[in-house]
Amino acid sequence: MPSLTNKLKSLGVQLGADKIKTPDKPASFPRLVDVFDGSWENTTSGDCFVLRKTFHPGYIHGNSSLFKDLDLHILESDPSLTGISTIPLDQFLFIDTETTGLAGGAGTYVFLIGAAKYLNGKFHFAQFFLQDPAVEPAQLAALDEFCANTKVIISYNGKSFDLPRIKTRYKLNGWPPPFKDIYHIDLLHIARRLWKSHLSSCSLGDIEHHLLGITRSSLDIPGWKVASVFFDYLSSGDPSPLSSVFYHNEEDVISLITLLKYIIDRLSNPLSKKYLANDDLVSIGIYLASQNQDDSGQSVLSHVIENIDLSDHLHNSALIHLASLYKKSGDYLKAIPLWEKIASRDYIQAHTELAMYYEHKRSDYQEAIHWSLSAMEVITKQSKSEAGDKTLQALDHRLSRLKRKISRLNR
């Protein structure tokens, strides 16, 4: 997509923030304040058009209300989030941006920033609009004031997209970048680990539809159309079509609030009655185990294996991860039957786990050779791959070592 700089050139605009001017706006078009329930707010760097709303914690968004408190202890097993549960909710910021393109750099402007924070018992939502590139400092100053005491950022792909672009705009204006020394919960990263294998995509729209029960109105606009609507506004001066962009951005931000609540509930209460039949409990259990929540991971995966009709892939995944948890706790009596079951389905990892167990825990080298050879047989039946070649090399090395051990015993 062309950068805003190139778009402005095509409109006859000179480069340089001090020389930028947008095309004349026909008087027949409504003003921003006629279309939106917002206002021009004065900042230390000029006036910025800001739209503000408040949402009570009981506001229903999809299947759930918002919240006034949330226990984030479950996230603290992530080293980057240690201590986050001690941060008061009024220092959280939910943020999403609309930009003139996907590329970073000087040519990509952040023309709309939506953000929400909890204050005095309500969520305060604000949208900071860049109506003219020449007044970008005013937009940044307004955002800076709104985010002054932020200690926690919640975003959806914000680590890779939103925050780097906001920081670039600050840098290009000669300002120090915002959001230093903060916690950042990027919900996309968690969503991918929990639902990538269950949904066609982990776009926020799909998450809303399949998990949160959110149906957007016909006013919504696909994300890929957002930039073109802004360019049309710069060209024509008509702000009316921007309604769909402002709505899209608002829905994104409010969905971050309900999605955070949903994720925390799923991880903190995975075996709640309302979730017991969900096959995504496999991913929930695996995620909990990866976060050193071993007891919860075992409980979830055991429930799934015993009570839910799973696809072969999900069933194997549940078995191998549950066996790994038993191995971690030293409970091989429970791990071995699971490995044997998966091995019968030509799951290579189970063969190698059994080979390691019999070699290192039982010193039963003949049995270890059996499982090493069976693993090699499975690999040779599969399509040739680099990973398979490396595994074969490791197994060949293991066989040589096992034969040497047997030879020493027979001397």
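The values are calculated or read from the model by the stated rules, or taken from the named source; none is laboratory data. Everything numeric in this text was worked out from a predicted model, so none of it was measured. No Cβ is skipped: glycine too gets one built from the backbone with ideal geometry, and neighbour counts run over all protein chains shown. For accessibility, only protein heavy atoms count, side chains too; no ligands or nucleic acids. Shrake-Rupley method; radii C 1.70, N 1.55, O 1.52, S 1.80 Å.
Name the residue, out of Gly114, Gly83, Gly104, that is under 23 Å from the mean Cα position of the chain (by Cα) and at positive phi. Can you show your working first?
Values: Gly114 fails: at positive phi; Gly104 fails: at positive phi.
Going through Gly114, Gly83, Gly104 in turn, the sole match is Gly83.
Annotation for the range 245-252: at least one member residue is touching a Lys or Arg at 6+ places or on another chain (Cβ under 7 Å), open to solvent by 10 Å² or more (accessible area, probe 1.4 Å) and not aromatic (Phe, Trp, Tyr).
How about the range 356-397: which of its residues are of a type in the set (Lys, Arg) and modelled with pLDDT of 95 or more? Within the range 356-397, Lys361, Arg362 qualify.
When we screen Ile320, Ile254, Ile308 for residues that are among the β-branched types (Val, Ile, Thr) and either touching a residue at least 60 places away in the same chain (Cβ under 8 Å) or at positive phi (or both), the only hit is Ile254. Looking at Ala375, Ala368, Ala394, which is the one that is open to solvent by 50 Å² or more (accessible area, probe 1.4 Å) and aliphatic (A, V, I, L, M)? Ala394 is the lone residue from the list that is open to solvent by 50 Å² or more (accessible area, probe 1.4 Å) and aliphatic (A, V, I, L, M). Among the residues of the range 45-52, is there at least one that is touching a Ser or Thr at 6+ places or on another chain (Cβ under 9 Å) and at pLDDT below 95? No, there is no match, as no residue in the range 45-52 is touching a Ser or Thr at 6+ places or on another chain (Cβ under 9 Å) and at pLDDT below 95. Within the range 5-44, the residues that satisfy the criterion of being among the hydrophobic types (A, V, I, L, M, F, W, C), open to solvent by 60 Å² or more (accessible area, probe 1.4 Å) and modelled with pLDDT of 55 or more are Phe29, Trp40. On inspection, Leu140 qualifies as part of a helix (DSSP H, G or I), touching a residue at least 24 places away in the same chain (Cβ under 8 Å) and open to solvent by less than 10 Å² (accessible area, probe 1.4 Å).
If only residues of the range 145-191 that are out of contact with any helix residue (DSSP H, G or I) (no Cβ under 7 Å at 6 or more places or on another chain), of a type outside the set (A, V, I, L, M, F, W, C) and closer than 24 Å to Arg52 by Cα are counted, the one that is most open to solvent (accessible area, probe 1.4 Å) is Glu145.
What are the residues in the range 43-99 that are part of a strand (DSSP E or B), of a type in the set (Ser, Thr, Tyr) and closer than 20 Å to Ile166 by Cα, if any? Thr43, Thr97, Thr99 - these are the residues of the range 43-99 that are part of a strand (DSSP E or B), of a type in the set (Ser, Thr, Tyr) and closer than 20 Å to Ile166 by Cα.
Close contacts from the range 214-239, counting a first residue that is outside any loop (DSSP other than H, G, I, E, B) and a second that is among the basic types (Lys, Arg), with Cβ to Cβ under 6 Å and a gap of 6+ residues or different chains, come to Phe231/Lys7. Checked against (1) in contact with a Lys or Arg (Cβ under 7 Å, 6 or more places away or on another chain); (2) under 20 Å from Gly114 (Cβ atoms), Cys202 passes all but condition (2). Considering only residues in the range 86-103 that are under 12 Å from Lys151 (Cβ atoms) and not aliphatic (A, V, I, L, M), the one that is surrounded by the most Cβ atoms within 10 Å (Cβ to Cβ) turns out to be Phe92.
Scanning the range 243-295 for residues that are part of a loop (DSSP other than H, G, I, E, B) and of a type in the set (S, T, N, Q) yields Asn269, Ser272, Asn278, Gln291, Asn292, Gln293.
Please go through the range 266-289 and pick out each residue that is under 16 Å from the mean Cα position of the chain (by Cα) and open to solvent by 20 Å² or more (accessible area, probe 1.4 Å). Correct list: Tyr287 only.
Beta carbons closer than 7 Å, at least 6 apart along the sequence or on distinct chains, pair a first residue in the range 336-356 that is under 21 Å from Ser311 (Cα atoms) and touching a residue at least 12 places away in the same chain (Cβ under 8 Å) with a second that is crowded, with 20+ Cβ neighbours inside 10 Å and among the charged types (D, E, K, R) for Trp339/Glu353. Those residues that are modelled with pLDDT under 95 and either hydroxyl-bearing (Ser, Thr, Tyr) or part of a helix (DSSP H, G or I) (or both), I need them from the range 109-134; list them, please. Once the filter is applied, which keeps residues that are modelled with pLDDT under 95 and either hydroxyl-bearing (Ser, Thr, Tyr) or part of a helix (DSSP H, G or I) (or both), the range 109-134 yields Pro133, Ala134.
Tell me which of these Ser344 doesn't satisfy, since it passes every other one: (1) within 23 Å of Gln298 (Cβ to Cβ); (2) surrounded by 15 or more Cβ atoms within 10 Å (Cβ to Cβ); (3) not charged (D, E, K, R). Every condition holds for Ser344 apart from (2). When you look at Pro2, is it modelled with pLDDT under 95, more than 31 Å from the chain's Cα centre (by Cα) and part of a loop (DSSP other than H, G, I, E, B), yes or no? In short, no.
If you go through the range 330-364 and keep only what is touching a helix residue (DSSP H, G or I) at 6+ places or on another chain (Cβ under 7 Å) and not in a helix (DSSP H, G or I), you end up with Arg345, Asp346, Tyr347, Asp364.
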